[in-house]
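To start, the structure under review is shown below, and the notes come after it.
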Amino acid sequence: MNSTNPPGSSPRPSAIALTPLLLFLLLFFGAGLYFTAQGEAMGFYQLRAPVAILPALALGAWLAWRRGIKPVETLLQGMGHSNVMLMVLVFLLAGAFATVTKAIGAVDAVVALGLGALPPALILPGLFLVASFVSLSIGTSMGTIAAVVPISIGLADAAGLDTALVLGAVVGGAMFGDNLSIISDTTIAATRSQGCRMNEKFRENFKIALPAALATVVLLAVLGDAAPVVAPEAASAWLVLPYLVVLVLALLGLDVVLVLGLGLLVAGAFGYVLADGYDVISFASDIYAGFESMVEITLLSILIGGLAALIKANGGLDWLAATIAKFARGHGGRRAGEISIAALAAGGDALTANNTVAILVGGDLARDIARRHGVTPRRAASVLDIFSCVVQGVLPYGAQILLAGSLAGLSPLLIAGKVWYCWLLALVAIGFMLWPTRASRVAEAGPSVAGRP
């Protein structure tokens, strides 16, 4: 018998609703590990993620039907969500921009200039800092990755660096800026849901993020070994301008779609003027080739959006929230409250593969937990934002790593383990939550502290 939810009501919490996601992860990672153990060099490419997710979608649709929910309508709403379509458009434009700039020789020009300015040992820290600055300025990790990864790939190849480590440095820097930027969606969602001011959250967040960022810079400088540099043949320095246009426009705050579109036009124009034999037909062909390079990530993003909608409709997110709330009520004190908020943010992001959505979904519950456990609003907003960004930055099926991996032709799993900043940020944040001398600050609890600096 179907368990129909009344119209307009919240779905009944259900742990079973999470099984489609578990099935997808089991199939994708299980197949990858199996083929890798069998000696396949590209083990994780034997079963493609957009195919591995199909049984999970079927299971999610069946569970929705059992609950009296329209599965096809729910699936299509998730697949066609505006956030999903925006990601798809960014993926396509980023692929086209990367392909065109490579074809006109812009990558070689950047590599030649970069190798002349930085010793190989400082390339990795430099890329992390550049990505951090860009992301902090524009408030989007996706736009940062789309702008910086094409440059970093060429530098990695020329300097003999581990490409996965280079991409990990860029993704880490992008997540650093996204987590702290006052114009980031995650910051806005976290502060509004917890009732604190931007500057309060920034100060609380910065003292946790800074040690992790400094440790990342040191590790990248010490452990990022570089082979003897092989510089490319000389290329016109003017070909660097498409990258500069993208970075400058992004820093000016333009929408990422507009930034990439204008960057693509500038790259085509400079290719026509400076690259031998590069014409309008070549430009059009390279744009389409760039689109084709993003087919897998585009399909997966659309299907992940549908799966997330089915999980939410079936009560998966509500079950997760209820479970964490039950744990929080059974344990007193600030630490239990902060750990519960961290688990809520991390779990929500793992299920939705979107840090902003995870904050929006869990924001009200996090605020309730904070009030019950004496966690200040600024602290709750900081923990909520940090742990959603931590998981998003290392999630192999998250948009950030998928975009970086697609641009570089690298397995997302290889990148996930190399995003050192996110792993270090998690350790530092956990250390701050467990630090015993902070117990005396419980007195700051309650809604009366919402505006206190």
Within region 57-98, the residues whose backbone N lies under 18 Å from a label point placed 7 Å from the Cα of TYR34 along the Cα-to-Cβ direction are 57
For LYS312, the lysines lying under 27 Å Cα to Cα, once residues fewer than eight places off in the same chain are dropped, come out as LYS70, LYS326
Here the gain from full extension of VAL257 to MET85, 0.36 nm per residue of separation minus their alpha-carbon distance, amounts to 60.8 nm
Scalar couplings 3J(HN,Hα) for region 302-313 by Karplus 6.51 cos²θ - 1.76 cosθ + 1.60 (θ = phi - 60°), nearest whole Hz, x for Gly and Pro, are 5, 6, 4, x, x, 5, 4, 5, 5, 4, 5, 5
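All of the numbers you see were taken from the coordinates with simple rules; none came from a lab. Bear in mind the structure is a predicted one, so any value in this text is a computation, not a measurement. Here Cβ is always computed from backbone atoms with ideal geometry, including for glycine, and neighbour counts include all displayed protein chains.
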